[in-house]
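The values are calculated or read from the model by the stated rules, or taken from the named source; none is laboratory data. None of these values were measured; they are calculated from a predicted model. Using ideal geometry, Cβ is built from the backbone for each residue, glycine included, and neighbour counts are taken over all protein chains shown. Calculation scope for accessible area: heavy atoms of the full protein, side chains included, ligands and nucleic acids excluded. Shrake-Rupley method; radii C 1.70, N 1.55, O 1.52, S 1.80 Å.
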Amino acid sequence: MKSKFKFKFKLNSGKIILCAIIIFFILVVRSARKDLKLDVDLLRASLSKIPTLIMENIQISREISGDLWSVKIPYMGQEHGNYAFMRSLDIKRKIAGDAGEWEFFGREGIYSHDEKAAEASDLIGKMEERDQKWMLNTPKVYWKDGKEELIFPDGLKIYNDEITVETPFASVDKNGVILLRRGGIIKWQNTK
């Protein structure tokens, strides 16, 4: 059976150029319509996530109650003047009178200028004092200026060759005293 409809369509360069211009015009109009429909609040929210200042290889030292604290930060971004966020933290505390040293390494951190408080995530470390060495790991640690303690709101594990202490919430004061605020598990073994 033969088709009743026959099309004769002859292409020439004028028709091709005209079709290309029409398609280009349609694409430009569609793009402009999309841009006009942009949500201004969404755009503002996206722009607010861009840091206003980025610094690399920062070293900070501060004496607190006779102890020297130092922090090394390979990458730090300042977000709109209130928050500083960091990647990879190296925190050290040299206790006055060569009584010991604490070292902590964290995956990331944030500092609030308004609250004068800092928080670090995925922290591991060691504390050496009076011939004792303790290892530490925690998902999160919190510090506030004026308070002489570290808070571990998501748990803490501290251990050495003989003792392991695990708790869902703890604090450590400047003297190294650990307070298990919600109980915990203590395991020990004689290694001698």
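Numbers below:
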item: Test: residue in the stretch 107-114 that is out of contact with any Ser or Thr (no Cβ under 9 Å at 6 or more places or on another chain) and without any contact (Cβ under 8 Å) to a residue 24 or more places away in the chain; result: no
item: Residue satisfying condition, being part of a strand (DSSP E or B), farther than 24 Å from LYS157 by Cα and open to solvent by less than 90 Å² (accessible area, probe 1.4 Å), within set ILE110, ILE58; result: ILE58
item: When residues of the stretch 79-90 are limited to those that are modelled with pLDDT under 90 and open to solvent by 30 Å² or more (accessible area, probe 1.4 Å), the one nearest to GLY176 (Cα to Cα); result: SER88
item: Breaking point among (1) farther than 21 Å from SER65 by Cβ; (2) charged (D, E, K, R); (3) over 23 Å from the mean Cα position of the chain (by Cα), for ASP173; result: (1)
item: Members of the stretch 169-192 that are open to solvent by 70 Å² or more (accessible area, probe 1.4 Å) and farther than 27 Å from LYS94 by Cβ; result: ARG181, ARG182, ILE185, ILE186, LYS187, TRP188, GLN189, ASN190, THR191, LYS192
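Per-residue answers, yes or no, for (1) surrounded by 19 or more Cβ atoms within 10 Å (Cβ to Cβ); (2) among the charged types (D, E, K, R); (3) within 17 Å of SER171 (Cα to Cα):
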residue: GLU103; (1), (2), (3): no, yes, yes
residue: LEU123; (1), (2), (3): yes, no, yes
residue: GLU129; (1), (2), (3): no, yes, no
residue: LEU136; (1), (2), (3): yes, no, yes
residue: LYS144; (1), (2), (3): no, yes, yes
residue: LYS157; (1), (2), (3): no, yes, yes
